[in-house]
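The structure under discussion appears below in the form of structure tokens.
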Amino acid sequence: MSELAEKVQTDLVAAIDNDDLVLPTLPEVALQIRKAAEDPEISVSDLSKMIGRDTALSARLIKVVNSPLLRAAQEVTDLHTAITRLGINYSSNLAIGLVMEQIFHARSEVVEQKMREVWRKSLEIAGVSYALCRRYTTLKPDQAALGGLVHQIGVLPILTYAEDHYELLSDPVSLNHVIDRIHPLLGDKLLRVWEFPERLVALPGLYQDFKRDSAEIDYVDVVQVASLYCHKDTEHPFARIDPLSVPAFRKLGIDPENKELCADLQESRSMFY
């Protein structure tokens, strides 16, 4: 590790431990949707009015309902029908995850590009997580998708920090090293601050432990398999991991060489774009 990376890592860990690091806040619309979803009396009309204030988010939810994985005989063209089809809890969780794109913005072009890369990969992994969850588990696909969307959320405050520290921004090797080492810790902290479900809070800190073997299938297993699939045939270190050595593949009962499965998952990668 370079001296710069070591210093930044030490500074960031100290800031995290002392609660001195400024963490991004959950978008206001996400907070409103979460609060609405917690109301047992909320109706589809009320939720559609709330989500409908965000035109881009509304369009994304309609697109999800019409994706190959979910579409019915007749195309859905309005938000009310989309939420009716998905259900209130389902729609709320997906909306909360998708609206996080609003916080993936930066002042500098370098950081903006890096944030775009992270968000795009998160969207892919969310789509594959959704498909895997539906096909191979009894877990909730919307929770798996949400897990895929936020598993790298800890990268965000590091990139924001880098914008104010040019020496780190100008040294991509050190920056990437710091991201790899620190983002799981920050991700866990962020999701806890945002009051995410306990089953997802520890996901950023666990999804890179490919030797992990929990007693039962959980969302970490799903995101691990989705992440390995989405990094397959790339230069990423995950591409060098043997899927057969990863307990999550065994627990889901997946053959990583199954061509039909690979074709299905390839289609699901664009589900949330």
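The values are calculated or read from the model by the stated rules, or taken from the named source; none is laboratory data. No experiment lies behind these values; they were computed from the predicted model shown. Note that we place each Cβ from the backbone using ideal geometry, even for glycine, and neighbour counts take in every protein chain shown. What goes into the accessible areas is simple: the full protein's heavy atoms, side chains included, and nothing from ligands, DNA or RNA. Shrake-Rupley method; radii C 1.70, N 1.55, O 1.52, S 1.80 Å.
Couple of notes before you dig in:
- Over segment 111-185: Kirkwood hydrodynamic radius from C-alpha pairwise inverse distances, Å: 13.4 Å
- Convex hull of Cα atoms in segment 1-70, direction-averaged projection (nm²): 8.9 nm²
- DSSP H segments from the chain that extend 30 Å or more along their own axis, Cα-based, with Kyte-Doolittle mean of -0.5 or above: 109-136
- Above-threshold pairs, the threshold being 21 Å between Cα atoms, out of Lys211/Lys259; Lys63/Lys251; Lys140/Lys251; Lys7/Lys211: Lys211/Lys259; Lys63/Lys251; Lys7/Lys211
- Peptides 71-82, 200-211 ranked from most to least packed by the mean count of surrounding Cβ atoms within 10 Å: 200-211, 71-82.
- Taking only the C-alpha atoms of segment 154-232, Rg followed by Dmax gives 14.4, 45 Å.
- Segments 119-130, 174-185, 259-270 sorted - mean Cβ within 10 Å per residue, highest first: 119-130, 174-185, 259-270
- Here is the tail figure for segment 197-240: Cα pairs spaced more than 15 Å apart come to 43 percent of all pairs.
- Under 20 Å from the Cα of Lys232 - aspartates and glutamates, other chains or at least 8 residues apart: Glu117, Glu124, Asp180, Asp209, Asp221, Asp242, Asp255, Glu257, Glu260, Asp264, Glu267
- Average accessible surface area per residue within the chain, 1.4 Å rolling probe, Å²: 49 Å²
- Unit Cα scatterers, Debye sum, the chain: log10 I(q)/I(0) for q = 0.14 Å⁻¹: -1.02
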